[in-house]
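Values quoted throughout were computed directly from the atomic coordinates according to the rules given, and no laboratory measurement underlies them. Worth saying up front: this structure is predicted, and the values here are computed from it rather than measured. Here the Cβ positions follow ideal geometry from the backbone for every residue, glycine too, while neighbour counts run over all protein chains shown.
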Amino acid sequence: MTDGSHENVPSRQRRRFPGLSSRAYEHPADRSALVALRKLSGFDTVFKALSGLLPERSLRLLFLSDSVRVGDAQFTHLNGMLRDACYILDLEKVPAMYVTQDPKPNAMCIGLDEPIIVVTTGLIELLDEEEMRAVVGHEVGHALSGHAVYRTVLLFLTNLALKVAWIPLGNVAIMAIVTALREWFRKSELSADRAGLLVGQDLRASMRGLMKIAGGNHLHEMNVDAFLEQAEEYEAGGDLRDSVLKILNVLPRSHPFTTVRAAELKKWAESRDYQRIMDGHYPRRSEDKDTSVTDSFRESASHYAESVRGSKDPLMKLVGDIAGGAGDLGGKLRDRFTGGSGGTGRPGGDGPAASD
């Protein structure tokens, strides 16, 4: 892509990443969840079938007929952001982008053969220029990572599950794949947030955007540090019952909770990995074919092990204790749920369990 195709770039200097591989910013949990998804029984069959059946041409015609296509004559400021994001991440073909009327702030990247980016009017009205730049970069990151294909399958299967809900076994089979897709997609959002930061190169703008998505256009009433404290309180608070409730709360969602996204992005922005990318040391697309799947999976497993060890969540701490040889699973589960103070190897019973 020539530099001449990218205009309206902001005045401040930002780094560009020629030949950037999506491996540079992909969250390890994203890659491992995708590996697990592909191993799910029946997924390959469903995916191959849907790849040939999904009405992509119809989807494109729908947005073309009932949304506004971003370009040189319409939403020119968004067009500049889109071209700039593709330039920085070195995505050769600029995806088609549409604005659709919807008061709910949202954006998505879908499509099988070629990605399409869609943003709602609610999002455009909510965010300022630098916040919106991070969002556009987020969606271009989805495109570069090839996430659009699986996102499209998820949308189709979610709608299909609603239509066949009256067929018990059919719905169960579809929902198993939908649940696995949602788990992957939540992790892929963490990757795309990183891509958005690489494009915007303004952590404060990325934080502001996430806060606005959570609390609306009331920045004068919000504080980044306090917002991040919510994420820490969410992770560390409560007991095992709360840990289970957290899992149940997140299962139907396509995105991680906003405070969690903000905390994850801040942690990555302060990491050595991010600094190396900004210094020009990052994986290239030309090296992707030589990448070891085993190494990627090992990196993902290492990330999960480190996350468990460092987590303040009661359930994750328990898992870490057990993995570390603390022993007595039954006793630990009992004590965490009932508030008991018993230890391992203690003779005798505990008496009646306390109840709320």
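Between ASP90 and VAL224, the distance separating the two model label sites (each 7 Å from Cα on the Cα→Cβ line) works out to 2.8 nm. Computed extension length for GLN74-MET175: 32.4 nm, one decimal, from 0.36 nm per residue of separation with the Cα-Cα distance subtracted. Net charge of the neighbourhood of PRO115, taken over other residues with C-beta under 10 Å away and scored Lys/Arg +1, Asp/Glu -1, is -1. Highest-first packing order for the peptide set 81-90, 272-281, 138-147 is 138-147, 81-90, 272-281, based on the mean count of other beta carbon atoms within 10 Å.
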